[in-house]
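Read through the structure below, which is laid out as structure tokens, and then see the notes.
The values are calculated or read from the model by the stated rules, or taken from the named source; none is laboratory data. Remember, it's a predicted structure, so these values are computed and weren't measured experimentally. Cβ coordinates were reconstructed from backbone atoms using ideal geometry, including for glycine residues, and neighbour counts include every protein chain displayed. Side chains are part of the model used for accessible areas, which takes the heavy atoms of the whole protein and leaves out ligands, DNA and RNA. Shrake-Rupley method; radii C 1.70, N 1.55, O 1.52, S 1.80 Å.
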Amino acid sequence: MQRTLAEAMVRRLGAEHPDTLAIRNNLANMLSGLGLQNEALAEARAVLDARTRVLGAEHPQTLRSALNVASLHGRMDDFDRGLPLEAEVLEARRRILGADHPDTLFIQLNHGVTLQRAGKSREALAQFEDGLPRALRVLGEKHPQYQLGLMMSGEALLDVGRTNAAIAQL
């Protein structure tokens, strides 16, 4: 159904109309949810390329598309492609929104999680140690993103041999 809607939007509004791109982005997310990661990645990449042309590289929707592509690479354990793109989005968000903006903090803590999944515990820990104090201040200790970052930070501490710090944190 989503694919049919996307095709209809292309015919009616054109392939690069913002509404068409939004539907195609939803299609990519749906394909990923169905486990069709290669198809999802192809669609998400096409949306990112079009949004970059139409909206510009630092438009919020373009950055959201870039994060979707990075996340898909991560789901496919293709960290060599996903991590640099995720880092680019994080840096753009810091520049545009500031380091303490909730969207920036969300991306930073997710970047730490991705680094941890990629086996880069020291780099992940640096993201958590930088982002968690601000996330606590901005989001609060009950926020799910803060809680996830805290848990993953504890795992990173264990991975780098800081067992006592991990126990104290967890």
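Structural remarks
- In this view, the solvent-accessible surface of ASP159, computed with a 1.4 Å probe and all protein chains in place, comes to about 100 Å².
- Average accessible surface for the chain: 53 Å² per residue, computed with a 1.4 Å probe over protein heavy atoms with every protein chain in place.
- In this Cβ point-charge picture (+1 for Lys and Arg, -1 for Asp and Glu), the chain has a dipole of about 280 debye about its Cα centre.
- Helical contribution to [θ] at 222 nm, DSSP H n ≥ 4, -39,500 (n - 2.57), averaged over the chain, rounded to 500: -27000 deg cm²/dmol
- Solvent-accessible area of ARG137 with every protein chain in place, 1.4 Å probe, in Å² to the nearest 10: 150 Å²
- Between ASP130 and HIS143, the contour length at 0.36 nm per residue exceeds the Cα-Cα span by 3.0 nm.
- Tilt relative to the chain, helix 2-13 - C-alpha long axis, 0 to 90 degrees, to 10: 60 degrees
- In the elastic network of the chain, a GNM with C-alpha springs shorter than 10 Å, the most mobile of ASN26, ASN110, ASN68 is ASN26.
- Counting only alpha carbon atoms, the long axis of helix 144-159 and the longest principal axis of the chain meet at about 60°.
- Residue separation of ASN38 and ARG53 scaled by 0.36 nm, minus their Cα-Cα distance, works out to 3.1 nm of gained length.
- Apportionment of accessible area to carbon and sulfur, the range 56-123, percent (1.4 Å): 48 percent
- When the chain is treated as a GNM with alpha-carbon contacts under 10 Å, the residue of LEU132, LEU13, LEU148 showing the greatest mean-square fluctuation is LEU13.
- Among SER32, SER153, SER71, the residue with the largest mean-square fluctuation in a Gaussian network model of the chain, with springs joining Cα atoms closer than 10 Å, is SER32.
- Paramagnetic reach from ALA22 (point 7 Å along Cα→Cβ, amide N under 11 Å) across the range 55-74: none
- More than 18 Å apart - percent of Cα-Cα pairs taken over the range 1-105: 49 percent
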